[in-house]
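To start, the structure under review is shown below, and the notes come after it.
The values are calculated or read from the model by the stated rules, or taken from the named source; none is laboratory data. As the structure is a prediction and not an experimental result, all values here were calculated from the model. With ideal geometry, Cβ positions are generated from the backbone for all residues, glycine too; neighbour counts draw on all protein chains shown. All accessible areas refer to the heavy atoms of the entire protein, side chains included, with ligands and DNA or RNA removed. Shrake-Rupley method; radii C 1.70, N 1.55, O 1.52, S 1.80 Å.
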Amino acid sequence: MPDVITVRVRTESDSFQDVVVKIERPTSHKPFLGGFKNRMTGVEFHNAGSQIIPKKRPDKGIQLFCRATQTVYEKNKAQQTKNTTSTQMTKVGLYVSNRTDKLISPGKYLTAEEYHKRRLEAVIVLQTYFRRWHAINVVQKLREEKKLRLEWEAQEELRRKKDKEEKLRREHERRLNPKTKEDFELLYEALELWKQEETERINRTLTGAERKAAFCGLLEQEAQLIASIGRHKLNADEENRQKAILHFLDKCAQPKRWKAYGGKITEVDTQYTLRARDLFEIYCSISMKDIPKDERIDVLLTLRHTVKEHECKLTREIVELINREVDLMSREVKECNLEGLRKMICTLFLQYIKTPKFNPEVARILKVPPDPLKLYKNVHFCHSCENYLPSTEFPVPANSRTIGRCHLCCKLDNEARRREKLRKSEGDYQDDAKMVFSVQVVSERALLIMETKGFAYNFSLIWSVVLTNLVFLFFFFSFQAYETAFIQRIKHKHIRAKRYFAQFPAMASFLHRSDNQANAS
């Protein structure tokens, strides 16, 4: 569009006049204000708007707009304004009806002091009712808390009673069927307490030969109880050993785990864990009892196929035992006669599993490393049980420079060794004895029986397993309670002891004199 256009405008005299119009360009883009479209012709019509450019005010040099003039400060103040009213009375020429009028008589004048006193009394009444309501709520809350407390105490009492009964039941079960090391320590402690009580009772009630006979019977009972505990311990050790083996094999067969992003656990099986899992399943299969004959043969064939992958002396022995069992099963041999052979197969296969060459995953779990050079670092040898164990299995005192026996050997020695020594009785004899030894249970039992039956005994000789006194006691007692094989073992131990002590010059003459006394008797 040009800047100047000519517009023809109609005038009053029905004539037209041309007017020149100057177009002013807008400085801003006008917004779209809507419109409509003619459906017949398709022409679009937009709504238009116009705005005259505002006139700019001249600058007078005075600030007309500021923050102070635009900020309003409000202030509240109570005021009593005038209220102009009027009334109309009856007069000459005007009648005003009084039907709706009320007769008001003035009341008693209330002073400010009386007014405030009245307000105070009303406040006291309100406080009274509020405090009553608050007290009711507090008492109700205390009642609920008391009820909950009584219920909790009843539950706690019931729980303590159940815990006590459960504890007694567990203690009774631990005494009847001991499984762990703590259970057997509890039995030995109870046995020692029972022995002390019986000893005090015998010393208090009996004297002389009856007292010695009672001690002999007590010793017999103690020996029987110790033997019974030992049998339970063997059974528990076997059961715990089987559990430990299964836990060990299951640990080897576990997949690798690590925590990924977001706390999710990721598991991955390697070729070593899969190998360990296959061996674990085979071991569980061959350890099962009372399975059909066909399934047992399938398990043995699977085992033979597995161990044949490696050729060595151990695998050849396993294959030979498997062939032997299959042959015996084909001959209809009874299951009870195959038990020993099956245990041997399980033992050799377990040794096969614990070999890192055949099961690489087991190398990271074994307590004793397969490499002998690593034994010098953290593994020590117990000279008592002749086992290689980690350093944590050995008691190491602060003033010790060497490694002694392991915890298990110390425990066994503490349980097996006699708790009563004869050193005090040796010292009371005043016979210039130079050596004092602890006497075994068999020797004490023999001595008690001899004293009970009235046999003479020479107390001038020293208590020792190599002397004639105990040799004579063993000979006497062995004919009463022991078999010939046991007697021969005792004789052999005495001969070895004599040969050992004969190496010392101080003991040679004494042993020679003891032999002469034995031959004379």
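Within the stretch 337-366, restricting attention to residues that are modelled with pLDDT of 85 or more and not in a helix (DSSP H, G or I), the residue that is most open to solvent (accessible area, probe 1.4 Å) is K357. When only residues in the stretch 167-180 that are of a type in the set (D, E, K, R) and loosely packed, with under 15 Cβ neighbours inside 10 Å count, which is farthest from E238 (Cα to Cα)? That would be K167. Output the residue which, of all residues in the stretch 1-22 that are at pLDDT below 85 and of a type in the set (A, V, I, L, M), is surrounded by the fewest Cβ atoms within 10 Å (Cβ to Cβ). Here the answer is M1.
Condition check ((1) in the same structural domain as F280 (by the TED database); (2) aromatic (F, W, Y); (3) assigned to a helix (DSSP H, G or I); (4) open to solvent by less than 60 Å² (accessible area, probe 1.4 Å)) across all residues:
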residue: L191; (1), (2), (3), (4): no, no, yes, yes
residue: E200; (1), (2), (3), (4): no, no, yes, no
residue: E222; (1), (2), (3), (4): no, no, yes, yes
residue: S228; (1), (2), (3), (4): no, no, yes, yes
residue: F248; (1), (2), (3), (4): no, yes, yes, yes
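Answer yes or no: is there a residue in the stretch 276-292 that is open to solvent by 70 Å² or more (accessible area, probe 1.4 Å) and within 17 Å of K357 (Cα to Cα). Yes, the conditions are met somewhere in the stretch 276-292.
Taking the criterion of being in contact with a Phe, Trp or Tyr (Cβ under 9 Å, 6 or more places away or on another chain), farther than 26 Å from R342 by Cα and assigned to a helix (DSSP H, G or I), no residue of the stretch 250-289 qualifies.
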